[in-house]
Amino acid sequence: MQTFQKRRQVSRMLKVSALLVLFAATGCRGLLSFSPERAVVQEILSNHTFGMQAQPDTVQVLQSKVLEGTKFVQVAFQAVDEQGRQQECLFVYETRKTPVGFVTGSGGGGCGPVNPPDVPIGMSVGSSGGAGVVYTEADGFVYQPEIVSLEVIWEDGQTQTIEVVNGAYLALRSGRQELDQIKALDAAGEVVYTQESSPPAPEKRP
C-alpha cells in the first residue's frame with residue numbers, strides 16, 4: 001500500500017511539472033483564463049493599447065460569436081491616452097483553447113472620443129489571420145436606441161442580418177472580404193440609416 005501511494009505522488013508531480021511547462025510555452029501573462037471572455041479581458045488590462053491604458057472598472061464584454069469553430073469576443077472599455085484624454089474603445093479578439101486555459105490570438109480595434117458622434121452607428125472593418133481562421137470582421141457602436149439590427153452587405157453580394165447586442169454589432173466572414181455598406185434597421189425593419197464602406201482599413205495585428 002505504501003509503494004502504491006509513493007507512485008501516485010510521483011505521477012501527480014510529473015503531471016504538475018508538465019502543466020507548468022505547457023503554461024510557460026503558451027507565453028500567457030497573468031492568471032489562467034478558463035473562458036475566452038476572461039482571456040480577452042486580461043489581454044486588454046495587461047496591454048497599453050495604442051499608448052493608452054484601459055480603466056479596469058470600464059471593461060465590458062459585449063458579445064461572443066463563433067466562426068468555423070473559433071470564438072471571437074467583442075469588448076468595450078474606456079482608456080486614457082498619453083495626453084490625458086478619455087477615449088471610448090471597441091476591440092474584437094480571436095481566442096483559442098490550450099491545455100492550460102484560453103488565450104487570445106489575432107485581434108484589434110480602435111478608440112475615439114467618449115461623446116457619441118453625430119452618426120447613428122460607428123464602423124470599423126479589418127482582416128486578420130494568425131494561428132486560427134483567416135477572417136474579416138465589421139463592427140461598431142450603435143448610438144441610437146431605435147436601431148435594433150443591421151444589414152451588412154459585402155462586395156461579393158452576401159448579406160448578413162446582425163442584431164444589436166449591448167449597444168454594438170459584430171459581423172464575421174471567413175477569408176479576406178470587402179465591405180460594401182451597412183443598413184441600420186428599426187424594430188419594423190425600416191432602414192433608418194445607411195453607412196457606405198470607407199477605404200480599406202489596415203490589417204489588424206496578429
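The values are calculated or read from the model by the stated rules, or taken from the named source; none is laboratory data. Everything quoted here is computed from the prediction, not taken from an experiment. Glycine gets a Cβ as well: all are built from the backbone with ideal geometry, and neighbour counts include every protein chain shown.
Taking Val133 as the residue in question, decide whether it is of a type outside the set (Phe, Trp, Tyr), in a loop (DSSP other than H, G, I, E, B) and under 15 Å from the mean Cα position of the chain (by Cα).
yes
With respect to Gly107, determine if the residue is in contact with an Asp or Glu (Cβ under 8 Å, 6 or more places away or on another chain), closer than 19 Å to Ala171 by Cβ and either among the small types (Gly, Ala, Ser) or surrounded by fewer than 19 Cβ atoms within 10 Å (Cβ to Cβ) (or both).
Spelling it out, Gly107 is indeed in contact with an Asp or Glu (Cβ under 8 Å, 6 or more places away or on another chain), closer than 19 Å to Ala171 by Cβ and either among the small types (Gly, Ala, Ser) or surrounded by fewer than 19 Cβ atoms within 10 Å (Cβ to Cβ) (or both).
Name the single residue, out of those in region 164-191 being of a type in the set (D, E, K, R) and more than 23 Å from Gly129 (Cα to Cα), that is farthest from the chain's Cα centre (by Cα).
This residue is Glu190.
Going residue by residue through region 108-117, is there one that turns out to be over 19 Å from Val73 (Cβ atoms), touching a helix residue (DSSP H, G or I) at 6+ places or on another chain (Cβ under 7 Å) and not hydrophobic (A, V, I, L, M, F, W, C)?
no
Quick check: anything in region 148-163 aliphatic (A, V, I, L, M), assigned to a loop (DSSP other than H, G, I, E, B) and either more than 18 Å from the chain's Cα centre (by Cα) or at pLDDT below 95 (or both)?
Yes: region 148-163 contains one or more residues that are aliphatic (A, V, I, L, M), assigned to a loop (DSSP other than H, G, I, E, B) and either more than 18 Å from the chain's Cα centre (by Cα) or at pLDDT below 95 (or both).
Which one is surrounded by the fewest Cβ atoms within 10 Å (Cβ to Cβ) among residues in region 43-75 that are touching a residue at least 40 places away in the same chain (Cβ under 8 Å) and touching a Ser or Thr at 6+ places or on another chain (Cβ under 8 Å)?
Result: Glu68.
Can you find even one residue in region 79-88 that is on the phi > 0 side of the Ramachandran plot and at pLDDT below 90?
Within region 79-88 (the criterion being on the phi > 0 side of the Ramachandran plot and at pLDDT below 90), the answer is yes, since at least one residue qualifies.
Any residue at all in region 83-96 that is among the polar types (S, T, N, Q), in contact (Cβ under 8 Å) with a residue 60 or more places away in the chain and surrounded by 15 or more Cβ atoms within 10 Å (Cβ to Cβ)?
no
Looking only at region 158-194, which residues are surrounded by 19 or more Cβ atoms within 10 Å (Cβ to Cβ) and polar (S, T, N, Q)?
Of everything in region 158-194, just one residue is surrounded by 19 or more Cβ atoms within 10 Å (Cβ to Cβ) and polar (S, T, N, Q), namely Gln177.
Filter region 122-148 for residues that are buried (at least 18 other Cβ atoms within 10 Å of the Cβ) and of a type in the set (Gly, Ala, Ser); which is farthest from Thr194 (Cα to Cα)?
The qualifying residue farthest from Thr194 (Cα to Cα) is Gly132.
Checking the structure you have, find out if any residue of region 68-77 is part of a loop (DSSP other than H, G, I, E, B) and not small (Gly, Ala, Ser).
Within region 68-77, one or more residues are part of a loop (DSSP other than H, G, I, E, B) and not small (Gly, Ala, Ser).
State yes or no: is Leu67 touching a Leu at 6+ places or on another chain (Cβ under 9 Å) and either at pLDDT 85 or above or among the aliphatic types (A, V, I, L, M) (or both)?
Spelling it out, Leu67 is indeed touching a Leu at 6+ places or on another chain (Cβ under 9 Å) and either at pLDDT 85 or above or among the aliphatic types (A, V, I, L, M) (or both).
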